[in-house]
Structure formats: C-alpha cells, structure tokens
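The values are calculated or read from the model by the stated rules, or taken from the named source; none is laboratory data. None of the values given here were measured: they were computed from a predicted structure. Backbone-built Cβ (ideal geometry, glycine too); neighbour counts: all protein chains shown.
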C-alpha cells in the first residue's frame, strides 16, 4: 500500500446513495443520501426519474468531496435496483460522466462478499463463524465464514421491495406484517436447503441502514453517531420491541422516533420484518451492529492493490 493513498468508494443502492473516502488509517469520510431510485421498481420495472435526479445531485456533491480530499483511486458500484431495472443507462451514463469514472454493476454475490470483508474486519476469529446480514432496499445479502466468506447468498427481499409488495396500509395491518414475515421465512427456508452452513453461525453481524437505524432507535440517538452504533449489540428482544412500536405507528408518527431518519420512516417496518424473521428463524439472540460494510470491503481491496 503506497503512502498517502486515498480511495473513494460509492454505492448506489435501491434506497440510499453512499460515499466512503479513506486512506485505511487516519482519513474516514462518510456521507449518504436517501435517494430512493428503486421506489416503484416492482411495478414499473424502471428506476424512477425523481430518484435518479436525487442521485445526480448527491453525486455532484460527493464528487466535490472526492476532489477536495485528493483521492487517487475510485470505485463506484450499483446494486439491487440497477440489477433489476430496464433503464439502467439512465443512471449509469450521467453518473459516470460526473465522476469521470465508470459506474459498474455489482452482482448480489459480489455484494455479499465485500459486505463480509468490511463487516468482519477487526473481529476476533474465536467469535466466528460469522453470519453477516445486509438488509438493503431491494435485496438482502447473507455471507458466512470466519476469516473469509465461505459461502454467500443474495435474496430478493428488502425494505423497499417488501413495503411496496406487502405493507399497503398506514399503519400496516397485522395480516400484512405476518404476510411479509412469512415470505421472509420461506426465503430463509430456501437458504437453509441450499446453504445449510448459514444456520450454524456462532455470531450474527448486521450492517447497512436498516440495522443501524433499528439500533439507533433502540438507543434513542437524537443525533446519529457512528461511533456509538459500531459495536452495539442489538438483542432479539430489543429488535422485536422496536418492530412492535414502529409497526403500530403511522409514517408521520414514526418520524418522531429519535434515531429514525425521516426519509426512512416509510420503509423501516419492512426492514424490521426481515431482521426479526432472520433472528427468529436461526434463533439468534443478538446481533452485533457494524458501521463497516460493503464500502469498507471494497476500499480495503483498492488499498491493498496499491
């Protein structure tokens, strides 16, 4: 790794656009915008135009940070929504032009692998094998291993996808909630059949916006603080409590919960459904919450390549 090398990683997700700038040591700049490119995708097959506009605004701001921080290497990746959308070029062309760097499509398996590498950095191998859980807007990634991911899986369930498919009422009806959880359990049964190792993990590690948000709500964080979130142990009881509270509130009521970013208020309950389903299915009593994830896994690889 060369001295003073700084890398930037951008992640264009179904609901959120994120940036990490790091030198692997002192520099750690993180930013995100809830852009919602995947909202409505299930019905239209396309990323929505307003979401793409929000992404382009975010990328313009992020690009200024990249220039100001003297970044030497960039990697920009798009995930679930872009994998499914027929109008992918409407996002890829302008983003690539703004960054002067090609935006690439990441497969679900690559997403899970990088997520594992980022989430488990610095963890004690004795606490493994780990099951890393990344609940996104359009898909959920599972990866299993101790020192490196031995197996990984991407499943088509996410906070935006499940909200639009199941949680129609505001607040959601009990049968809508049970329907979402039941479908999640069916997906998990499939994972068990095809990758039975997943259920043998010693520790559950959770990353990305849904899980960090649930942790922030449980703590009651008025102002989001990644140093408080990273390493927080979210118990199954606490996850169930947050789920019950949020599920009985309307979207407008939910926005008043400390720790909940208002832009996530409409999709967080579906994210809770998925987390609760996972913890129930594999009888996990706790989840270690990490701030380091896909972005960190990709950044570490860039820095090692030099």
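Observations on the model:
- Every residue from segment 188-233 that is closer than 17 Å to residue 150 by Cα and either in the same structural domain as residue 36 (by TED's automatic domain parsing) or touching a strand residue (DSSP E or B) at 6+ places or on another chain (Cβ under 6 Å) (or both): 191, 195, 197, 198, 201, 203, 204, 205
- Residue within segment 283-295 that is assigned to a helix (DSSP H, G or I), touching a residue at least 12 places away in the same chain (Cβ under 8 Å) and surrounded by fewer than 21 Cβ atoms within 10 Å (Cβ to Cβ) present: no
- Flag if residue 35 is surrounded by 17 or more Cβ atoms within 10 Å (Cβ to Cβ) and either closer than 22 Å to residue 304 by Cα or outside the structural domain of residue 136 (by TED's automatic domain parsing) (or both): yes
- Test: residue in segment 98-107 that is assigned to a strand (DSSP E or B) and more than 22 Å from residue 48 (Cβ to Cβ): no
- A single member of 63, 15 is touching a residue at least 24 places away in the same chain (Cβ under 8 Å) and either over 22 Å from the mean Cα position of the chain (by Cα) or buried (at least 23 other Cβ atoms within 10 Å of the Cβ) (or both), and it is 15.
- Number of residues in segment 221-239 that are under 19 Å from residue 255 (Cα atoms) and at pLDDT below 95: the value is 5.
- The helices (runs of 4 or more DSSP H) located wholly in segment 183-275 that include 1 or more residues which are touching a residue at least 12 places away in the same chain (Cβ under 8 Å) and more than 23 Å from residue 120 (Cα to Cα) occupy 209-219, 236-247, 251-254.
- The listed residue being in contact with a strand residue (DSSP E or B) (Cβ under 8 Å, 6 or more places away or on another chain) and within 23 Å of residue 12 (Cβ to Cβ), out of 290, 236: 290
- Scoring residue 74 on the criteria (1) in contact (Cβ under 8 Å) with a residue 60 or more places away in the chain; (2) farther than 23 Å from residue 30 by Cβ leaves a single failure, condition (2).
- Residue in segment 129-140 that is more than 27 Å from residue 269 (Cβ to Cβ) and modelled with pLDDT of 95 or more present: yes
- Candidates 10, 20, 41, filtered to the one that is over 24 Å from residue 212 (Cα atoms) and either touching a strand residue (DSSP E or B) at 6+ places or on another chain (Cβ under 8 Å) or surrounded by 17 or more Cβ atoms within 10 Å (Cβ to Cβ) (or both): 41
- Residue 84 vs. criteria crowded, with 16+ Cβ neighbours inside 10 Å, in the same structural domain as residue 45 (by TED's automatic domain parsing) and farther than 26 Å from residue 300 by Cβ: yes
- In the condition set (1) in a strand (DSSP E or B); (2) surrounded by fewer than 20 Cβ atoms within 10 Å (Cβ to Cβ), residue 25 is compliant with all but (1).
- The residues of segment 246-282 that are under 14 Å from residue 215 (Cβ atoms) and either buried (at least 24 other Cβ atoms within 10 Å of the Cβ) or more than 19 Å from the chain's Cα centre (by Cα) (or both), listed by number, are 246, 257, 258, 268, 271, 272, 275.
- Residue match in segment 236-243 (condition: surrounded by 18 or more Cβ atoms within 10 Å (Cβ to Cβ) and under 23 Å from residue 168 (Cβ atoms)): yes
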